[in-house]
Amino acid sequence: MGQMITVGEGLDGYLAAPAGFTDGGEEERAEIRGALIVVHEVWGLVDHTKDVADRFAAEGYLALAPDLLAKEGPNPELVAELQEKLNDPATRSAAQPKLREAMAPLRAPGFAEKTLASLRSAFDYLLEIPAVANRVGITGFCFGGTYSFSLAVHEPRLKAAVPFYGHADFDVEQLRAISCPVLAFYGDKDEGLVSKLPELEASMQEAGVDFKAVVYPGAGHAFFNDTNKRTYRQDASVDSWAKTLEFLETNLS
């Protein structure tokens, strides 16, 4: 359904469009519900992320999944290998320090600023398409959920944000910059995030942000990823997908 494209200053991404959509101007405006940036997990732009973009396209959205780790992120082949080992209790302990080492580039000075700049390039690309008509939102998972919060803070033209199990390490004054509604998903077994959620909800309320958090019992981190047998939870995945579509219908269409 989709294809790889390059936007901005050399940012590669996977663009999935609804059937029959072409960027030809005003006459295409009715063919899409809006546009959506789909941000991958920390593993990079893998096939699962492209599949999620395809799913959004099938629902009528123009979906762009940028490859934010292609230039400065970990080696994707190595990460895929380590991810498999993490899923096996027999090899998990040995794989964890290797994975931390592979992820070191994500903690390098300036990485967050460069990543946010890339997201803005993806946002600007979608915004300039006439049929999008200023209706651009963002969703993301893990790493992508964190940067979904970040773009919401830094991009006042964003219309909707749907972070899945992302960090939102912003103070109240920073959160006041969010101008779009935010729907966030978590699993209650994801203790590192859920333990901070009451504080985040209070900060969002104080900042005047339209923020709703949904927490699924029995689910943990990466519950939406149906390629990860260890973390996937079908009930939470199906329900969060339905809620996401309803949210986007309200705020983008």
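The values are calculated or read from the model by the stated rules, or taken from the named source; none is laboratory data. All figures in this text were calculated on a predicted structure; none of them were measured in a lab. Please note: Cβ atoms are built from the backbone with ideal geometry, for glycine as well, and neighbour counts cover all protein chains shown.
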Query raised in the report: List, please: which pairs have Cβ atoms under 7 Å, are six or more places apart or on different chains, and start with a residue in the range 7-23 that is closer than 18 Å to ASP47 by Cβ and surrounded by fewer than 19 Cβ atoms within 10 Å (Cβ to Cβ) and end with one that is at pLDDT 90 or above and among the hydroxyl-bearing types (Ser, Thr, Tyr)?
Result: ASP12/THR6
Requested in this report: Output yes when any residue across the range 83-101 is under 28 Å from VAL153 (Cβ atoms) and not in a helix (DSSP H, G or I), and no when none is.
Outcome: no
Requested in this report: Check off (1) buried (at least 22 other Cβ atoms within 10 Å of the Cβ); (2) touching a Leu at 6+ places or on another chain (Cβ under 9 Å) for CYS142 and give me the number that stays unchecked.
Outcome: (2)
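Conditions tested, residue by residue: (1) farther than 25 Å from ASP47 by Cα; (2) surrounded by fewer than 16 Cβ atoms within 10 Å (Cβ to Cβ); (3) of a type in the set (Phe, Trp, Tyr).
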| position | (1), (2), (3) |
| --- | --- |
| GLU173 | yes, yes, no |
| GLU191 | yes, yes, no |
| VAL194 | yes, no, no |
| VAL209 | yes, no, no |
| PRO217 | yes, yes, no |
| HIS221 | no, no, no |
| GLN234 | no, yes, no |
| LEU245 | no, no, no |
Report task. Could you please give the count of residues in the range 178-192 that are free of Cβ contacts under 8 Å to residues at least 40 places away in the same chain and either closer than 16 Å to ARG135 by Cα or of a type outside the set (Ser, Thr, Tyr) (or both)? Result -> 9
Query raised in the report: Does ALA102 satisfy being aliphatic (A, V, I, L, M) and at pLDDT 95 or above?
Result: no
Report task. Take the range 223-232 and flag every residue that is of a type in the set (Phe, Trp, Tyr) and either more than 19 Å from TRP43 (Cα to Cα) or without any contact (Cβ under 8 Å) to a residue 24 or more places away in the chain (or both). Result -> TYR232
Report summary line: Selection from the range 123-145 of residues within 17 Å of LEU245 (Cα to Cα) and assigned to a loop (DSSP other than H, G, I, E, B) yields ARG135
Query raised in the report: Which of (1) closer than 16 Å to GLY140 by Cα; (2) buried (at least 16 other Cβ atoms within 10 Å of the Cβ); (3) touching a residue at least 60 places away in the same chain (Cβ under 8 Å) is the odd one out, the single condition ASN251 does not satisfy?
Result: (1)
